[in-house]
Amino acid sequence: MAFVSSLCCRECSREYAKTPINICEWCFGPLEVSYDYEAIGKAISRESIQRGPHTVWRYRELLPVGDGPVVDLHAGFTPLVRADNLGRLLGLNNLWLKNDCVNPSYSFKDRVVAVASTVAKEFGFKTLACASTGNLAGAVAAHAAKAGMDSYVFIPADLEKVKVVGAAIYGPTVVAVKGSYDDVNRLCSEIADNYPWAFVNINVRPFYSEGSKTLAYEVAEQLGWRAPDHAIVPVASGSMFTKIWKGFKEFEKLGLIGEVNTHMHMAQALGCSPVVTAYNEGTMDVRPVKPNTIAKSLAIGNPADGFYALSVIKASQGSATAVTDPEVIEGITLLAQTEGIFGETAAGVTISGLRHLVKSGAIRPDDLTVAYITGNGLKTQEVVEDSVQPLLVQPTFSSFQQALKARGDK
Amino acid sequence: MAKQRVKFTFPADRIQDPIIYLLGKDFNVVTNIRRADVTDNRGWVLLEIEGTQEDIDKGLAWVTARGVRIDPVGGDVLAG
């Protein structure tokens, strides 16, 4: 049974039936999915969830889908790993990493697109589309392939080819737009208004974004049915940040976990940190910026959910921090060399942001802390290619021994 | 006739300029403000613009040239 009660405007609270729209016709505010929690509470329990599949679909009653088949690439239910090595270096005794590098197309975007593609099929769309510089494109093209849908992926024309291979292999139509990121944004909004397509983060965005709630459900379940003391999340549009909070609060409301006292902390790359800037200035007004950072997966200059992400920080007594590009690389390296997890640039932002938070005293050593690693480092290898420094040796044993000795090895 | 929904973000030195009035007057488009937040040093306005596509494009180019940032009402859609 499907439990969506309506789409509700976050600004003026006007309600709409479940339809593929994302903006309130009255005030142009964003729409949010509302549920019948009383009915959900009667339908699910810890035990029923535990009997479900090891994917995002074990929480389907809390996702905005109907009763029919879902588009299933086995997204979600990724490992939550205890990070003692990294914790020791940072001064944390209870650090955990949510490793979303291992999703089917190697980022958390599989969660949101699993929901978006399922809803798109329910609405009768034949085509799935998005504008992306990497992760989202891969997730959309892969899910469209599985669902038997056509797909269109819009990219800036100057995007490196290697960034698109992870999407192009699934057979979408890749449209390279000659123009700035702003031009791509404007064009895609116009196309979404004029073509009968499911543009995952435009006309089906309210449903799409709900997929990120599973990042909270899984962590709560994997921690033994509790929310962490701190969650640190990389922020681009701010959507995932707000939905992780919504996920914890929904579990609390349904009695699946106890009271949620999680402090929500966000990390952005300094070269694109409009939400952190607003936080530091003590304002709720997020001013758009022109992105200039190596963390391309977080390079959203005009974040749709910036205001709401700041509201979550307030409600949870969290915080926000920004890290430099060299710190992004340090974070990627530190994560890889302590925990054996190769995350993309957003992971570098998270880990270096976490270091800031520990240093500032926002997180205490024994607090249960979860850091979200949202994408795989194989997608952004170029930023850490300087780490390739082989010992060059002749094909002789003595040459090898000399090379080790020269490096100072015993 | 075409319609476009956009967000204008004004820099501090443009807050006092009647940009939306002039957009409607000089480019023959109908402007319909839905939500706004303007103070003495910053401001944004969500509005719908209706007219021929050519007039809308010319008008928005003029607004951009005044230093006003124009975005889709739903925020950036180009994701990582």
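The values are calculated or read from the model by the stated rules, or taken from the named source; none is laboratory data. Just so you know, these numbers come straight off a predicted model, no measurement behind them. Cβ placement follows ideal geometry from the backbone for every residue including glycine, while neighbour counts extend to all protein chains displayed.
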For this session: Residue by residue through region A:377-394, note down the ones that are surrounded by 13 or more Cβ atoms within 10 Å (Cβ to Cβ) and under 22 Å from A:LEU90 (Cβ atoms).
Result: A:GLY377, A:VAL383, A:VAL384
Problem set entry | All positions within region A:177-203 that are surrounded by fewer than 24 Cβ atoms within 10 Å (Cβ to Cβ) and not in a helix (DSSP H, G or I) | A:VAL177, A:LYS178, A:GLY179, A:SER180, A:TYR195, A:PRO196, A:TRP197
For this session: Check region A:220-228 and report whether any residue there is in contact (Cβ under 8 Å) with a residue 60 or more places away in the chain, outside any loop (DSSP other than H, G, I, E, B) and surrounded by fewer than 24 Cβ atoms within 10 Å (Cβ to Cβ).
Result: yes
Exercise. Can you tell me which residue in region A:297-319 is modelled with the highest pLDDT, limited to those that are crowded, with 24+ Cβ neighbours inside 10 Å and farther than 25 Å from A:PHE28 by Cα?
Worked result: A:GLY318
For this session: Among the residues of region B:12-29, write down those that are exposed (fewer than 14 other Cβ atoms within 10 Å of the Cβ) and without any contact (Cβ under 8 Å) to a residue 24 or more places away in the chain.
Result: B:GLN16, B:PRO18, B:TYR21, B:LYS25
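Just need a number here: residues in region A:145-159 that are free of Cβ contacts under 8 Å to residues at least 60 places away in the same chain and away from chain B (no Cβ under 14 Å). Before the answer, list the steps.
At the first step, the residues of region A:145-159 found to be free of Cβ contacts under 8 Å to residues at least 60 places away in the same chain are A:145, A:148-159.
Right, trim to away from chain B (no Cβ under 14 Å) and you get A:145, A:148-151.
Residues that pass the stated criteria total 5.
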Seminar exercise, completed: Counting only residues in region A:115-134 that are in a loop (DSSP other than H, G, I, E, B) and in contact (Cβ under 8 Å) with a residue 12 or more places away in the chain, the one surrounded by the fewest Cβ atoms within 10 Å (Cβ to Cβ) is identified as A:LYS126
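Would you be able to say whether some residue in region B:70-78 is over 16 Å from A:ASN185 (Cα atoms), modelled with pLDDT of 90 or more and surrounded by 14 or more Cβ atoms within 10 Å (Cβ to Cβ)?
From region B:70-78, those over 16 Å from A:ASN185 (Cα atoms) are none; that's our starting set.
No, region B:70-78 contains no residue that is over 16 Å from A:ASN185 (Cα atoms), modelled with pLDDT of 90 or more and surrounded by 14 or more Cβ atoms within 10 Å (Cβ to Cβ).
Those residues that are assigned to a loop (DSSP other than H, G, I, E, B), out of contact with any Lys or Arg (no Cβ under 9 Å at 6 or more places or on another chain) and facing another protein chain (nearest Cβ under 8 Å), I need them from region B:52-80; list them, please.
Initial filter on region B:52-80 (assigned to a loop (DSSP other than H, G, I, E, B)): B:52, B:66-68, B:73-77, B:80.
Imposing the further condition that a residue be out of contact with any Lys or Arg (no Cβ under 9 Å at 6 or more places or on another chain) reduces the set to B:52, B:76.
B:ASP76, the sole residue that qualifies.
Go through A:VAL140, A:VAL165 for me and flag whichever is part of a helix (DSSP H, G or I), more than 30 Å from A:ALA17 (Cα to Cα) and either away from chain B (no Cβ under 14 Å) or touching a Cys at 6+ places or on another chain (Cβ under 8 Å) (or both). Write out each step before concluding.
Working: A:VAL140 fails: more than 30 Å from A:ALA17 (Cα to Cα).
Being part of a helix (DSSP H, G or I), more than 30 Å from A:ALA17 (Cα to Cα) and either away from chain B (no Cβ under 14 Å) or touching a Cys at 6+ places or on another chain (Cβ under 8 Å) (or both) holds for just one of A:VAL140, A:VAL165, which is A:VAL165.
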Exercise. If you take the residues in region A:49-85 that are of a type in the set (A, V, I, L, M) and touching a His at 6+ places or on another chain (Cβ under 7 Å), which one is nearest to A:ASN103 (Cα to Cα)?
Worked result: A:LEU73
Exercise. Where in region A:1-105 are there helices (runs of 4 or more DSSP H), lying fully within it, with 3 or more residues that are more than 14 Å from chain B (Cβ to nearest Cβ) and among the aliphatic types (A, V, I, L, M)?
Worked result: A:37-43, A:84-90
For this session: Within region A:177-190, track down each residue that is within 18 Å of A:VAL200 (Cα to Cα), more than 7 Å from chain B (Cβ to nearest Cβ) and in contact with a strand residue (DSSP E or B) (Cβ under 7 Å, 6 or more places away or on another chain).
Result: A:LEU187
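Which of the residues spanning region B:37-51 are over 11 Å from the mean Cα position of the chain (by Cα) and either hydroxyl-bearing (Ser, Thr, Tyr) or more than 10 Å from chain A (Cβ to nearest Cβ) (or both)? Explain how you work it out, then say what you get.
Of region B:37-51, the ones over 11 Å from the mean Cα position of the chain (by Cα) are B:37-43, B:50-51.
Those that are over 11 Å from the mean Cα position of the chain (by Cα) and either hydroxyl-bearing (Ser, Thr, Tyr) or more than 10 Å from chain A (Cβ to nearest Cβ) (or both): B:VAL38, B:THR39, B:ASP40, B:ASN41, B:GLU50, B:GLY51.
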Exercise. Hey, A:VAL112 hits all of (1) under 17 Å from A:TYR208 (Cα atoms); (2) part of a loop (DSSP other than H, G, I, E, B) but one; which does it fall short on?
Worked result: (2)
For this session: Test A:ILE191 against the criterion of being among the hydrophobic types (A, V, I, L, M, F, W, C), farther than 20 Å from A:ALA114 by Cβ and touching a residue at least 12 places away in the same chain (Cβ under 8 Å), and give yes or no.
Result: yes
Seminar exercise, completed: Of the residues in region A:229-241, those that are more than 11 Å from the chain's Cα centre (by Cα) and surrounded by 24 or more Cβ atoms within 10 Å (Cβ to Cβ) come to A:HIS230, A:ALA231, A:ILE232
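Kindly provide the set of residues from region B:1-51 that are assigned to a helix (DSSP H, G or I) and closer than 18 Å to B:PRO72 by Cβ, ordered by number. Quick ask: steps written out before the conclusion?
Let us first name the residues in region B:1-51 that are assigned to a helix (DSSP H, G or I), namely B:12-14, B:19-27.
B:ILE20, B:LEU23 - these are the residues of region B:1-51 that are assigned to a helix (DSSP H, G or I) and closer than 18 Å to B:PRO72 by Cβ.
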Exercise. Which ones in region A:135-155 are of a type in the set (Ser, Thr, Tyr) and surrounded by fewer than 23 Cβ atoms within 10 Å (Cβ to Cβ)?
Worked result: A:TYR152
For this session: With respect to A:VAL328, determine if the residue is more than 14 Å from every other protein chain (Cβ to nearest Cβ) and under 18 Å from the mean Cα position of the chain (by Cα).
Result: no
